[in-house]
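Read-outs: derived from the displayed coordinates by stated rules, not from any lab. Note that the structure is a prediction, hence the values are computed from the model and not measured. Counting neighbours? That spans all protein chains shown, and the Cβs are built from the backbone with ideal geometry, glycine included.
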Amino acid sequence: MSPEARIADLRRALHEHNHRYYVLAEPVISDREFDTLLKELEQLEEQHPELQDPNSPTKRVGSGLTDQFDKVAHSSPMLSLSNSYNQDELQDWADRVQRETSGSCRFTCELKYDGVAIALQYHNGGLVRALTRGDGAVGEDITANVRTIRTIPIQLSPDAPERVEIRGEIILPFQAFEALNQRMEGLGKKAFVNPRNTAAGTLKLQDSAEVARRGLDCFLYGVELDSAGLSSHSSGVEAAESWGFKTPKVLPKAFEVVDNVDDVMRYVAHWEQARQGLPFAIDGVVIKVDESSHRSSLGSTAKSPRWALAYKFETEQGLTRLKRIDYQVGRTGAITPVARLEPVFIAGTTVENASLHNADQIAQLDIREGDLVQVEKGGEIIPKVVGVVLDERPEISAPHVYATHCPDCETPLERAEEEAKHHCPNEQGCPEQIKGRIEHFASRKAMNIDGLGDKSVEQLWAAGMVKAPADLYDLSLEPLLTLDRMAETKAGNLLAGIEASKAIPFERVLFGLGIRHVGETVAKRLARHFGSLAALQLADRDGLLELDVVGPVIADAVLGYFQDGHQMEHLTRLQRAGLQFEGEVDETPQGTALLGKKCVVSGVFSMPRDEIKRLVEQNGGRLAGSVSGSTDFLIAGDKMGPSKREKAERMGVLILTESQFMDMI
């Protein structure tokens, strides 16, 4: 037999044995026999480097260091799921889905793994790319590390489609997590805190051989149904199982297809109790519409599919002592009180800090330093103080007196009548605000400047090199090399990242400016509506309020920003640096049916609500967020609030159903 044929036979056999051992738990040869075959393959590949294959079973052990993870666009967005924390919300969602599908849909029920989402792309049966979720549109290529995970097939069975994408969750089972911590402690290193964060960190290691040692696992949760020619999610799971994937079906009752909400509720109730016996962490269950045709008709919002919902289990709580209350200053000057706690272990992590939000919450709960407090992790992520054990309050306890001055610059704090938080008004002189604005400007969703995190900003600030975002574009190599731990490669990468940011689209530049109350979504709508910074600067209050995402507070914040001389000077410097301050206006009218008409869109439709709004603007209409005397049409979907309908009827506003609206345009 030729070396080429023997290598091919060994690879086929080892892929099959890997699948039997790690996925099916049905090995047919001993570990020694497996190792003998693997060793033979390794030797043959060394002797014949021209026959190397990135998906060879020998790559499972990792292959040394990698310098970086390339950013790659997803074939389709990796949307996050809408969350529900009570059964009434789950019932409402299921009722809406049944109504919109005429009661003909089925639901799949599966576990919500507490891990790291991954997109796996296969061409001609071989794994070609594994991407992290990233921001949902662009992920990082961690293929070399993912190839080391033995429950992820790197070669599919012959009946798999020519091209297919599988999405799943990479987890670290409890047993592997404990073994890893024992190894860390044996090396005199700090133990890891929880499996999920450890899995995420492991996938970003530069040494894939170390990734291979840690025992990561993976369950799929989705197949690209269209590309695979499949009509339902459940058929996709069955097909993926035959292709070689570890599916939820390997666990009893972990994957079920049901016809009604009662069965969904029974599934939820079962796993709310049974989750404690699983060998890995889950934080809820996921309910999906099974049929592909119904998924298409239900559509998605900008962030989440309307055909799926994550039901999150009750948050875990813990009791601990409040040592003191500190204050933090945000980039907009907002003051956030922070509880410094005696460490308490909750939902897989050790909690030492928790937000107290504002003065009103502290007063409402009567929280005092020294109290024994109840702490929970909202959504099992964000720690917060939710109560005080009054019986345990020390006798010498005194009510907390809220801060009167900025903890960073000592400026007296202010609190507007309509706002919950206190603010430091020293916008141009408060160091924490300035550094926060620079960090925000450089962040992933804004200018995405690699290598410019909080520590780098602090270093540049301390050296006097950067006092505002525009200063970044004046940096040069020689001054950077004078900084501690700033080698030429690191400095060069930073400068390259700053230069690359000049190509970032206008909508993200606008978000990066940090205009108060203008978040990512508002910035995107403003950029696409006005098309350029110059046009936005010329907008008056009424023009801003025409957008449904803009209310009086946001409109006043935008106007105030452009009336600030210091901000105008900063904008001029950014424009000279070459940033993108023009974009495309995507609301160019394609029809005139609504020309000049003011429309309010409310309720649930057969398509995403954003699509209805886009159609309004494409047909010459103007969007508003609330019904008023100047409103021409209220486009009403299901579940629209009764008060909005009553107000429209009282003011004589014409109410259009979705069907009537579509007929009109």
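Extension gain for ALA13 to ARG444 (0.36 nm times residue separation, less C-alpha to C-alpha distance): 150.8 nm. Projecting the Cα positions of GLY215, ALA119, SER235 onto the charge dipole of the chain (unit charges on Cβ atoms of Lys, Arg, Asp and Glu, taken about the Cα centre) puts ALA119 furthest along the positive direction. What is the local net charge at GLY596, summed over the other residues whose Cβ is closer than 10 Å to its Cβ (Lys, Arg +1; Asp, Glu -1)? Every neighbour counted, the sum reads +2. Suppose the Debye formula is applied to equal point scatterers at every Cα of the range 468-549; what is log10 I(q)/I(0) at q = 0.17, 0.21, 0.24, 0.26 Å⁻¹? Each listed q maps to, in turn, -0.75, -0.95, -1.12, -1.24. Spatially, the range 308-359 and the range 258-295 are offset by 29 Å when compared through their Cα centroids. With no solvent and one equal point scatterer placed on each C-alpha of the range 598-664, evaluate the Debye formula and give log10 I(q)/I(0) for q = 0.11, 0.13, 0.27 Å⁻¹, two decimals. Taken in order of the listed q values, log10 I(q)/I(0) reads -0.21, -0.29, -1.33.
Per-residue Karplus couplings for the range 163-169, computed as 6.51 cos²θ - 1.76 cosθ + 1.60 with θ equal to phi - 60°, are listed in order as 9, 8, 10, 10, 10, x, 10 Hz, Gly and Pro entered as x. Subtracting the Cα-Cα distance of ALA363 and LEU205 from their residue separation scaled by 0.36 nm leaves 52.4 nm. Between 0 and 90 degrees, the angle of helix 520-530 with respect to the longest Cα principal axis of the chain falls at about 60 degrees.
Coordinate range of the alpha-carbon atoms in the range 83-312 per principal axis, descending: 60, 41, 33 Å. In order along the range 439-453, the Karplus-derived 3J(HN,Hα) couplings, from 6.51 cos²θ - 1.76 cosθ + 1.60 at θ = phi - 60°, round to 4, 5, 4, 8, 5, 4, 7, 9, 8, 6, 8, 4, x, 10, x Hz, and Gly and Pro are given as x.
The spacing between the range 35-53 and the range 447-485, judged by their C-alpha centroids, is 48 Å. Structural size metrics of the range 376-472, computed from C-alpha coordinates, are Rg and Dmax of 18.6, 54 Å.
Tell me, what is the percent relative contact order of the range 315-423, built from C-alpha pairs under 8 Å that lie six or more residues apart?
Normalised by residue count, the contact order of the range 315-423 is 27 percent.
In this simple spin-label model, placing a label point 7 Å from the Cα along the Cα-to-Cβ direction at both SER397 and SER606 gives a separation of 5.9 nm. With all distinct Cα pairs included, what does the Kirkwood hydrodynamic radius of the range 431-503 come out to in Å, to one decimal, could you say? Hydrodynamic radius (Kirkwood, Cα pairs) of the range 431-503 is 12.1 Å. When all alpha carbon pairs of the range 137-227 are counted in 5 Å bins from zero, the resulting P(r) reads 2, 12, 21, 24, 16, 11, 7, 4, 2, 1, 0 %. All C-alpha to C-alpha distances of the range 465-605, sorted into 10 Å bins beginning at zero, yield P(r) values of 10, 34, 28, 16, 8, 3, 0 percent in whole numbers.
Once both labels are positioned 7 Å from their Cα atoms along Cα-to-Cβ, the gap between ALA274 and ASN260 label points is 2.1 nm.
Measuring nothing but how far apart in sequence close Cα pairs (under 8 Å, 6+ apart) lie, relative to its length, the chain scores a relative contact order of 9 percent. Using R0 = 45 Å, the C-beta based FRET efficiency linking ARG96 and GLU417 works out to 0.75.
Judged by the gyration tensor of its Cα atoms, with axes a ≥ b ≥ c, the range 254-350 is oblate; a/c meets the 1.5 cut and b/c is at least as large as a/b. Computed with the Debye formula from one identical point scatterer per Cα of the range 506-577, without solvent, the log10 of I(q)/I(0) at q = 0.12 Å⁻¹ comes to -0.27. The dipole here belongs to the chain: it is taken about the Cα centre, uses +1 on the Cβ of Lys and Arg and -1 on the Cβ of Asp and Glu, and is about 120 debye. If the chain linking ASN86 and PHE345 were pulled fully straight, counting 0.36 nm for each residue of separation and taking away their Cα-Cα distance, it would gain 90.8 nm.
The shape of the range 225-296 can be summarised by an equivalent ellipsoid whose semi-axes, obtained from the alpha carbon gyration tensor, come to 23, 17, 9 Å from longest to shortest. Sequence-distant contacts, meaning Cα pairs under 8 Å at least 6 residues apart, place the relative contact order of the range 150-238 at 42 percent.
Considering only Cα atoms, the convex hull volume of the range 315-423 works out to 113 Å³ per residue.
With a Förster radius of 45 Å, plug the Cβ-Cβ distance of GLU546 and LEU51 into 1/(1 + (r/R0)^6) and report the FRET value to the nearest 0.05.
0.10
In the range 540-648, taking the dipole from charged Cβ atoms about the Cα centre, the farthest positive-side position among MET640, LEU623, GLY560 is held by MET640. Derived from the Cα gyration tensor, the three semi-axes of the equivalent ellipsoid of the chain are 44, 34, 30 Å, largest first. What is the distance, in nm, between label points placed 7 Å from the Cα along the Cα-to-Cβ direction at SER293 and at ASN181? Using points 7 Å along Cα→Cβ, the separation is 5.1 nm.
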